[in-house]
Structures are given as structure tokens and as C-alpha cells.
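Trainee: Pasting a structure here, questions to come.
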Protein chains: 2
Amino acid sequence: MKLATLKNGSRDGALVIVSRDLTRCVSAAPVAATLQGALDRWHEVAAGLAQRSDALHAGALDDEAQAFDPQACHAPLPRAYQWADGSAYVNHVELVRRARGAEMPASFWTDPLMYQGGSDSFLDPHGDIVAGSEAHGIDFEAEVAVVTDDVPMGVTADAARTHIRLVLLVNDVSLRGLIPGELAKGFGFFQSKPSSAFAPCALTPDEFGAAWDGGRLHRPMLSFVDGQPFGKPDAGVDMTFDFGQLVAHAAKTRPLAAGTVVGSGTVSNRDADGGPGRPIAEGGLGYSCLAELRTVETLRHGAPQTPFLKFGSRVRIEMQGEDGTSLFGAIEQTVRAAG
Amino acid sequence: MKLATLKNGSRDGALVIVSRDLTRCVSAAPVAATLQGALDRWHEVAAGLAQRSDALHAGALDDEAQAFDPQACHAPLPRAYQWADGSAYVNHVELVRRARGAEMPASFWTDPLMYQGGSDSFLDPHGDIVAGSEAHGIDFEAEVAVVTDDVPMGVTADAARTHIRLVLLVNDVSLRGLIPGELAKGFGFFQSKPSSAFAPCALTPDEFGAAWDGGRLHRPMLSFVDGQPFGKPDAGVDMTFDFGQLVAHAAKTRPLAAGTVVGSGTVSNRDADGGPGRPIAEGGLGYSCLAELRTVETLRHGAPQTPFLKFGSRVRIEMQGEDGTSLFGAIEQTVRAAG
């Protein structure tokens, strides 16, 4: 089942059920008016939503169905009660630290990194990235995320996997220039992590077939900068902690409420030789953020060569099924100056 | 106006308007069913809520009014879209760092510390503090917080003050034993900050009279541990950054959505001689968390003497008006073992 949230003038939008090929949709209102409303009582509504999805695909709702327009979408959850973002591709973390000469603690391979992000104002899939200054080092981060129902405190990783209800595609916008100063203060990210954007559709795990193994999504993460292919690493590869482990980490000392969004962190694959990945232009899989390319450039050439995003820069993030159809619809954003 | 949220089996509870003496309340449903719903359209509902509050106090709603029972309350916002907690009493921060031999950067006096907290599952005013282990170093932190309406990105501190709609009383529960390891990872707090608790009532700033100066609340923060007075520092004193500055800090790179909760950090006053405060038993104003007392003990005696909270420990946090009436109602919690 694919779900999306259409803009309707309200803060939470209108929940719709989208066809697998993303061409048509039908209102979910007879079952649930909003996605948060559906997640609040998932056990009561999931079957009804699935029935309506089946009916849409069977042609039984042709009189109600409308064309699906990704530009008319909010993030699936326009606002959420929690956004907890992991950093599960430890390869990426080790690389970034190596570039600045810092050794990575061995515990990073066993104890997930996770930060609490802002969730009150997510960006639309086609929403501008509004930044105060190019000097902030504007970057994208292509990630997979999951949405849970109510998760009890102290849940195991195995049990946590059963609480995953939806899968999302994220652009975790980052202001690299603000990160060192902010992390040096010791309290984690705040100003350096402005609003994140999400692809139009939220998918139930069954939509992925064998590409979803219960805790990881095994498909290439496609990202493009100014129309040029930038990355295609596989989100299922080199993900040291799966979503079950990430959700369990988040729930260690408190329960998680329905609608909690847990992110994977920037998708990153090692190169075939075990070293850092190579750019797509050099036959590699590329990267899912500019910072990683700049890190590789620093390791190779002593300094980064690729600039961060500028006002007017365009970012596109997408994931395709084996048949080439877009799974979530695309994130397509342009960077714009504030004010 | 005093607002509270009664438990009614739903996730967001039922909004009520409470009498100034906290003895009676009346449903707010004719104007707004929930507090988040009210904040979503504050400009439309504020006058209607105030009219109902006036009618309650004038005796015009006696047929609808009921006794107000703090035990029947959720947090005013049982779940929120954002909880951003500052650390505005820099005195407290300097003290804690001094005890571990770390100098505080001078920038901490001009650039607020703030962390993004979990907001998906706040604790009821009388809700147990459930912890996995006493070894986690269970502590309370008595704080003031404000709730904003929609705040634009890049707001000034002056303009930010006009977005403050409600004031709250918070227990920002902290697991001290987990903090050093978590902060060493560099991504800020997560497991070390379990769910926070809130006093029953949310107050509009006009309720405080001259005690609210637009950015600070000038009343003693009363805390009690196991029935014994523990702290009474004035929340308006030694607050280096006021709420206007804290809200502006939070909104520097992104807008804040209506219902954002911004906390002051642990209230802390210097002693009259400029040094760390003294315990109440020694004629001082005491502290608003155990960690600060333990820090003072470390500075004085080389090691902390007061233990953290244990299973069965009780914490009470309250603030009174000049006439001794409870402003927000009390936070009254007992620590309980998980499982």
C-alpha cells in the first residue's frame, strides 16, 4: 500500500491511497482522514486502507479516483511527534572522521549513533530548501526512514521490527558550516539540522517484496545534483545497524509514540576494494551527500574540490523498483535564499 | 487563563479551562477540543477561551463546571511536535563543568546551549518516572517552559517574545549515568533524556501579572525530594538568556510550528556572595536538580554525598503566586522500576 498526504489548506493535509505506478489516487477519508490519525489506530484501519487500495487497483473506485500529482503533496507526515535519525552506515561516519584525522571509537560498530531531530515542520517533496546563507555549507543527505506504531520502552530489536508500519525516503538537509561549532558545544545538532524533506509516498513494507528483509531496504538510493547523477549506493549494503536495532536504541529508556519516524542516516557503500566509494563518473556508486564526496576528495587531494549547494542548486532523490518504477515518488528541491 | 488537559481515553485528551484557584474547571470543547487544536488556530480561539474563563469565574457556567482533579490530567500537551530545551542558567552549566575540571567556553555567555528533546510521549503531572536501573543516575530538573504559536525562521528575540502563548512547569527527567557516554559520541542526548513531565496547567502570560516580564518568570521554583524542601531559586534570576532569545535561537535556521515547547533549562541561582548556591538546610536557596547539589558537594568535599533518585523516591515541583496559591498545580512523581 502506498499512502500520501495532499495539501488541503490544513496543517495535516488529506490522506490518500496511491496506485503502485503513482498515476492515480483515492481519498482515504472513509477510513482515516490523516496519516497521523491512521497511525494512532493502525490496527483498526490498516485492513480498511488495504481494501481501498485493492479496490483502486481493481478499478472499482474509478469514479472517485483522481490523477496523482506529487506537486500537490505534503510530506506523508507534514509534522510528526518524533524524528530520531540514526547514522547506521558506519562506513560514512568512519570516512568523515578520517578526513579530519580523528579516529573512530570501536564502540561505534556496536552502539548506534542517533540524534533527536526537529519534526514540527517537515518540508514538502517539492518544497524549497530555504537557507540564510550559502556560507552555512548547505548539503543534502539521502536516507531511508521508517514510521512506527506505539513501541514499548525496552523493546528488543527483533520485536522492534514488528512495529515498523511504513517506509519513507528522506532528505535530511544539513548545514555543514554550522555543525563543528554546534557539536563542540556538546548538546548535538540544532541549528545545523533545519527541516527535513520527504518523498510523497509512505509505503507499507510488503510493497517492496524481497527488497525489504524486515530491517533493511535493498535498493539503490538514487540522488542527483543539478540534474547530474550523484549517487546510487544500495541502502541494504553496509547498513551496520538495521531498523530493528535503531528503533530499539531509540526506545531503550522511553516508549515511542505512534508516528515516530526513525532514519537510517546517509546511505553509504564502501568501494569494491573496501576503500571509500568512487564518484559515479569514475565508475563508482557515488555518494548520498556532498560531505562524503568532499571527504574522499580531501583524502585523495588534501582538500575538498566540490562546493556545497548554492542558491538555485537542485537536488533530486529517488528510489526505483526492479522494473524501474519510482517507489516513493521523488524528492525534488531547489535551494533558495531566506527572506 | 489557565488551561489543562483531562484524560478521556484519547491520545490528546480533552481541553478544559481551569479556575485561578485550581478548584474548578469547564470544558473548552465549544471553542477547541484539544490544546494542540487551540494552538493551531490561536488567533481564532484565544478570545473565545478567555470569554469562557471569565464566565467560569463569574459563576455563569456553574451548571457545566466540575471539580478540577490534577490526578485526572495529562500534560497540557500530552504529545507535542517539538520540545527544544535550552540551558539558560549559565551559572548551572559553569558549576557542573567546574566540578569535573572543565573550563566553560566564554561563548556560553552569549550563545545559548539548546538540545532537541523527545516530545512524542510526555508524562502526566502525577505519572511515574519509569527507569530501567537506579544505576542510570535518575535525576529531576525543574524548569519553566513556554509554548509558541507559529514562529518564522530568523525571528528576532524581541519578535519571538510576542509568539509566546503559554507558560508551563517541567520536570526534565535526566539519566545522569548515561549522559557522559552519550555526549562523548557527539550527537547530544537521546537515551539520557527520557520523557519529561509537566504540571497540570498551562498559563497565558497575563496570569502572572508583574512576575512575567515578557521573557522571564520571576517566581521561586519550589522542588521537594521525598517531602523535604530541596530548592527555591527564583526562575527570573540568573537566567542569562530569556525566552525571547531561546525561541530566536531555536528558529535561526527553520520556522517553529505552533505548539513548540521551549524550555529554560534547570533553574539555578548563585549564592548571595556570587558563589554556588547553598542547600536550603544551610539557609540557601537550594537547587533544582540533584546533580547541582552533587556538584557543590564535589567542589566542597571532593566527592558527591547525596545519591540520585531511587525506586520509590518522590519528586514534587511547584510554583506559587505571591498569595501562596499554586500557579500551575504540582508535578508529583514517584520513581518506579521498569517491567
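The values are calculated or read from the model by the stated rules, or taken from the named source; none is laboratory data. This structure is a prediction, so every number in the text was calculated from the model and none was measured. When we count neighbours, we look across all protein chains shown, and the Cβ atoms used for this are built from the backbone with ideal geometry, even at glycine. We work out accessible area using only protein heavy atoms, side chains counted, and drop any ligands, DNA or RNA first. Shrake-Rupley method; radii C 1.70, N 1.55, O 1.52, S 1.80 Å.
Trainee: Of everything in region B:46-66, what is assigned to a helix (DSSP H, G or I) and among the small types (Gly, Ala, Ser)? Give them in sequence order.
Mentor: Residues satisfying the conditions are B:Ala46, B:Ala47, B:Gly48, B:Ala50, B:Ser53, B:Ala55.
Trainee: When the residues of region A:307-336 are narrowed to those that are out of contact with any strand residue (DSSP E or B) (no Cβ under 8 Å at 6 or more places or on another chain) and of a type in the set (Gly, Ala, Ser), which ends up nearest to A:Lys193 (Cα to Cα)?
Mentor: Selected residue: A:Gly321.
Trainee: Considering only residues of region A:197-206 that are among the small types (Gly, Ala, Ser) and touching a Gly at 6+ places or on another chain (Cβ under 7 Å), which is surrounded by the fewest Cβ atoms within 10 Å (Cβ to Cβ)?
Mentor: Top of the filtered list is A:Ala197.
Trainee: Need the failing condition index for A:Asp62 against (1) within 14 Å of chain B (Cβ to nearest Cβ); (2) loosely packed, with under 14 Cβ neighbours inside 10 Å, just the number.
Mentor: The number of the failed condition is (1).
Trainee: Which residues, taken from region B:82-100, are more than 16 Å from B:Tyr115 (Cβ to Cβ) and in contact with a helix residue (DSSP H, G or I) (Cβ under 6 Å, 6 or more places away or on another chain)?
Mentor: Selection gives B:Leu95, B:Ala99.
Trainee: For region B:243-264, how many residues meet the condition of being closer than 15 Å to B:Glu143 by Cβ and open to solvent by 10 Å² or more (accessible area, probe 1.4 Å)?
Mentor: Residues flagged as closer than 15 Å to B:Glu143 by Cβ and open to solvent by 10 Å² or more (accessible area, probe 1.4 Å) within region B:243-264 amount to 0.
Trainee: For A:Gly181, state whether it is without any contact (Cβ under 8 Å) to a residue 12 or more places away in the chain and out of contact with any Lys or Arg (no Cβ under 9 Å at 6 or more places or on another chain).
Mentor: For A:Gly181, the condition - without any contact (Cβ under 8 Å) to a residue 12 or more places away in the chain and out of contact with any Lys or Arg (no Cβ under 9 Å at 6 or more places or on another chain) - is met.
Trainee: Determine which member of the set B:Pro276, B:Pro304 is away from chain A (no Cβ under 14 Å), in a loop (DSSP other than H, G, I, E, B), out of contact with any strand residue (DSSP E or B) (no Cβ under 9 Å at 6 or more places or on another chain) and crowded, with 20+ Cβ neighbours inside 10 Å.
Mentor: Going through B:Pro276, B:Pro304 in turn, the sole match is B:Pro276.
Trainee: Does region A:131-138 contain any residue that is among the small types (Gly, Ala, Ser), touching a Lys or Arg at 6+ places or on another chain (Cβ under 6 Å) and over 19 Å from A:Gln116 (Cα atoms)?
Mentor: Yes, region A:131-138 contains at least one residue that is among the small types (Gly, Ala, Ser), touching a Lys or Arg at 6+ places or on another chain (Cβ under 6 Å) and over 19 Å from A:Gln116 (Cα atoms).
Trainee: So for region B:230-241 (the condition being touching a residue at least 60 places away in the same chain (Cβ under 8 Å) and under 30 Å from B:Asp54 (Cβ atoms)), does at least one residue qualify?
Mentor: Yes: region B:230-241 contains one or more residues that are touching a residue at least 60 places away in the same chain (Cβ under 8 Å) and under 30 Å from B:Asp54 (Cβ atoms).
Trainee: When you check B:Glu143 against the structure, is it in contact (Cβ under 8 Å) with a residue 60 or more places away in the chain and charged (D, E, K, R), yes or no?
Mentor: yes
Trainee: Of all residues in region B:288-301, how many are in a loop (DSSP other than H, G, I, E, B) and out of contact with any Gly (no Cβ under 7 Å at 6 or more places or on another chain)?
Mentor: The qualifying residues number 1.
Trainee: When A:Glu103 is evaluated against the numbered criteria (1) facing another protein chain (nearest Cβ under 10 Å); (2) of a type outside the set (A, V, I, L, M); (3) in a loop (DSSP other than H, G, I, E, B), which criterion, by number, is the only one it fails?
Mentor: (1)
Trainee: Considering region B:76-89 alone, what residues qualify as being part of a strand (DSSP E or B) and within 13 Å of B:His249 (Cα to Cα)?
Mentor: Within region B:76-89, B:Ala84, B:Asp85, B:Gly86 meet the criteria.
Trainee: Look through A:Ser174, A:Ser223, A:Ser196 and report the one residue that is modelled with pLDDT of 95 or more, among the hydroxyl-bearing types (Ser, Thr, Tyr) and farther than 30 Å from B:Pro194 by Cβ.
Mentor: A:Ser223 is the lone residue from the list that is modelled with pLDDT of 95 or more, among the hydroxyl-bearing types (Ser, Thr, Tyr) and farther than 30 Å from B:Pro194 by Cβ.
Trainee: Let me ask another. Quick check on region B:130-140. Is at least one of its residues hydrophobic (A, V, I, L, M, F, W, C), closer than 30 Å to A:Phe108 by Cβ, open to solvent by 10 Å² or more (accessible area, probe 1.4 Å) and more than 10 Å from chain A (Cβ to nearest Cβ)?
Mentor: Yes.
Trainee: Picking from B:Gly227, B:Gly154, B:Gly214, B:Gly209, which residue would you name as being open to solvent by 10 Å² or more (accessible area, probe 1.4 Å) and at the interface with chain A (Cβ under 10 Å from one of its Cβ atoms)?
Mentor: B:Gly154
Trainee: Further question: Of the residues that make up region A:67-75, is at least one open to solvent by less than 10 Å² (accessible area, probe 1.4 Å), assigned to a strand (DSSP E or B) and in contact (Cβ under 8 Å) with a residue 24 or more places away in the chain?
Mentor: yes
Trainee: I've got another one for you. If you check A:Val96 against the conditions, is it within 13 Å of chain B (Cβ to nearest Cβ), open to solvent by less than 10 Å² (accessible area, probe 1.4 Å), of a type outside the set (Ser, Thr, Tyr) and farther than 14 Å from A:Val173 by Cβ?
Mentor: Against the criterion (within 13 Å of chain B (Cβ to nearest Cβ), open to solvent by less than 10 Å² (accessible area, probe 1.4 Å), of a type outside the set (Ser, Thr, Tyr) and farther than 14 Å from A:Val173 by Cβ), A:Val96 does not qualify.
Trainee: Got a sec? Which of A:Ser53, A:Ser19, A:Ser87, A:Ser27 is over 30 Å from A:Ala291 (Cα atoms), among the polar types (S, T, N, Q) and open to solvent by 10 Å² or more (accessible area, probe 1.4 Å)?
Mentor: Criteria check complete, one pass: A:Ser27.
Trainee: So how many residues does region A:111-129 have that are of a type outside the set (Asp, Glu), in contact with a Phe, Trp or Tyr (Cβ under 9 Å, 6 or more places away or on another chain) and more than 8 Å from chain B (Cβ to nearest Cβ)?
Mentor: Going through region A:111-129 one residue at a time, the tally reaches 5.
Trainee: How many of the residues making up region A:174-196 are crowded, with 24+ Cβ neighbours inside 10 Å and more than 9 Å from chain B (Cβ to nearest Cβ)?
Mentor: 2
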